[in-house]
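Q: First, the structure itself, so that you have it in front of you.
The values are calculated or read from the model by the stated rules, or taken from the named source; none is laboratory data. These figures come from a predicted structure and were not determined experimentally. All Cβ positions, even for glycine, are placed from backbone atoms using ideal geometry, and neighbour counts span all protein chains on display. Each accessible area value is taken on the protein alone, full model and side chains, heavy atoms only, with ligands, DNA and RNA left out. Shrake-Rupley method; radii C 1.70, N 1.55, O 1.52, S 1.80 Å.
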Amino acid sequence: MLRNSPAAFMVVALMLASGFVPSGAQNLPTPAEILSEHYASTRVPDRVILTWTSDPATSQAVTWRMAAPAGTAVAELAEATASPKFGQGAERFDATTSAMILDGVSSFHHTVNFTGLTPDTLYAYRVGDGQIWSEWCHFRTAKRESAPFSFIYFGDAQNQIKSLWSRVIRQAYSNLPDASFMLHAGDLVNVPHSDLEWGEWFEAGGWLNCSTPSIATPGNHEYRDGKLSPQWRPHFAFPHNGPAFPGLEETVYYLDYQGVRFISLDTEAMVDAGGPAVAVAQARWLDEVLKTNPHRWTIVTHHRPMFSARASRTNSFLLNYYIKPLYEKYGVDLVLQGHDHSYARGENLSLGGRVLGRHGVPMYVVSVSGPKMYPGGADWPERSLTGTQLYQLVTVDGDRLRFEAYTATGELFDAFELHKAADGTSEVLEFPTSDAVRREAATAVAD
């Protein structure tokens, strides 16, 4: 069959160029058909991504997709060296496989969790079926003790992912190629069940996903009719240390990385899918996770912001009532959010709107990395920006946390530092806002 072959397209192109339109031209594949075929699963591994299910110093999880059923998916792991013969001593691991049927099309998703690894060590791995393999990819395990590191934070990607979000993740990587991981604050895609959109998301990240681990929290666009997308758990492997509450597995979790406790909360399950019962379950769990945190720094991510960046939007009372007091009680340092499709950054506000000050309270950030934009206008942020794709770089080094927000073209827009005192409180050091970026954004919105 030549219908979808390159030769067929060449013949039709020559006919059209000569002015001849065949009567069967309407039988050519549509763009949707072409893209569906492009993102279809094959025996060649794809959508390879690093995540964590346990200690980043001694483990590393990898998931991928491949048209191969259970019992045929494997991964190989070896310490990386400069010699091309490093793989000769690789250890082989059998994958755990889950089958998924979506729109009548079946695919197989595979997960391996490498454990017993040596901290601060460069490893190489590949995945496949024993005959057909991915490329060898590298990752480095975390240090066991507190140590400086940096990561990249993205707000919503969501729309035109391959076309316009791809430039943001690539610019972010070029700005911070040694990032320890990437953090995604929800709404990775727009239509939660769309395999085409998930294909775009993985294609936009490309090989970065197989070499730089990801942390992600789900947004409202990872849910449909109160249920999490069936694409979430096959694509990602996150810790199973969340609340003992059905449906929150691998969306509510924590992990510790070199002196920082990272916590993911599922605001969609809390706000729309489950209501107060889910909010209470997450709050009780969060109380214990914060109370027993042995680390100096705490960073939380959830999709819906505590305070909206839009003047016309009011966010959930459940967040303010159940979650916010715990942030203040335990001195959470930074809260990374999405949802409002603009940039807003500022310190804590009480329920009545009273500013609580700069010491021992969280810094809240809302950001967007995709092209969908909303107006801002809220009065709580100290820095705000609309009409601009952004990414953020965060560095933790001893008693200092530095936060930088960059535009898609690599211009620094906003920056601040948190300086941690001996008693656990934090002082904020502000840096000037880029007026040039603000003027450019205002012009873009006006247009």
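Q: Say the dipole of the range 131-262 comes from +1 at the beta carbon of Lys and Arg and -1 at that of Asp and Glu; which of H235, N190, G205 then lies farthest toward its positive end?
A: G205
Q: Measure nothing but the geometry: give the 0 to 90° angle between the long axis through the Cα atoms of 276-291 and the longest principal axis through the Cα atoms of the chain, rounded to 10°.
A: The helix 276-291 is inclined about 70 degrees to the chain.
Q: Filter the cross-link list K143/K420; K143/K227; K143/K291; K227/K420; K162/K324 down to pairs whose alpha-carbon distance in this structure exceeds 30 Å.
A: Listed pairs above 30 Å: K143/K227; K227/K420; K162/K324.
Q: Report the semi-axes of the equivalent ellipsoid for the range 183-281 in whole Å, largest first, where each axis is √(5λ) for an eigenvalue λ of the Cα gyration tensor.
A: Its equivalent ellipsoid spans semi-axes of 22, 19, 10 Å.
Q: Pop out the Kirkwood hydrodynamic radius of the range 191-247 from its pairwise C-alpha distances, inverse of mean 1/r, in Å to one decimal.
A: After inverting the pairwise mean of 1/r, the radius is 12.8 Å.
Q: Another question, if that's okay. Once a ≥ b ≥ c are taken as the square roots of the eigenvalues of the Cα gyration tensor of the range 269-326, is the result rounded (a/c under 1.5), prolate (a/b larger than b/c) or oblate (a/b not larger than b/c)?
A: Oblate, since a/c reaches 1.5 and b/c is not below a/b.
Q: Do you know the relative contact order of the range 177-238, to the nearest whole percent, from alpha carbon pairs under 8 angstrom that are 6+ apart?
A: The value is 46 percent.
Q: Angle check, please: helix 435-446 long axis (alpha carbons) against the longest principal axis of the chain (alpha carbons), in degrees 0 to 90, nearest 10.
A: Around 60 degrees separate the two axes.
Q: Okay, next question. Whole-Hz Karplus ³J(HN,Hα) for the range 192-197, in order, using 6.51 cos²θ - 1.76 cosθ + 1.60 and θ = phi - 60°, x for Gly and Pro?
A: Karplus-based 3J(HN,Hα) across the range 192-197 equals x, 9, 7, 5, 5, 5 Hz.
Q: Would you work out which of G89, S107, T141 lies farthest towards the positive end of the dipole of the range 69-142, given +1 charges on the beta-carbon of Lys and Arg and -1 on that of Asp and Glu, about the Cα centre?
A: Looking along the dipole axis, the top candidate is G89.
Q: Taking a ≥ b ≥ c as the square roots of the Cα gyration tensor eigenvalues, with a/c under 1.5 meaning rounded and otherwise prolate when a/b beats b/c, else oblate, which class fits the range 60-183?
A: oblate
Q: Also, quick follow-up: Would you mind checking the tilt of helix 166-175 against the longest principal axis of the Cα atoms of the chain, expressed as 0 to 90 degrees and rounded to 10?
A: 60 degrees
Q: Still on this structure, I have one more. Kindly identify the range 299-344 as rounded, prolate or oblate by the Cα gyration tensor criterion: order the square roots of the eigenvalues as a ≥ b ≥ c, call it rounded if a/c is under 1.5, otherwise compare a/b with b/c, prolate if a/b is larger, else oblate.
A: Here the range 299-344 falls in the oblate category.
Q: Treat every Asp and Glu Cβ in the chain as -1 and every Lys and Arg Cβ as +1, leave all other atoms uncharged, and give the resulting dipole magnitude about the Cα centre to the nearest 20 debye.
A: Its charge dipole is roughly 80 debye.
Q: Counting only protein heavy atoms and a 1.4 Å probe, tell me what percentage of the chain's accessible area is made up of carbon and sulfur.
A: So the carbon and sulfur contribution to the accessible surface is 54 percent.
Q: Can you pull the semi-axes for the chain, root of five times each eigenvalue of the Cα gyration tensor, sorted largest first, whole Å?
A: 37, 28, 21
Q: HN-Hα J couplings of the range 323-331 from phi, Karplus 6.51/-1.76/1.60, θ = phi - 60°, integer Hz, Gly and Pro as x?
A: 9, 4, x, 6, 4, 6, 4, 9, x
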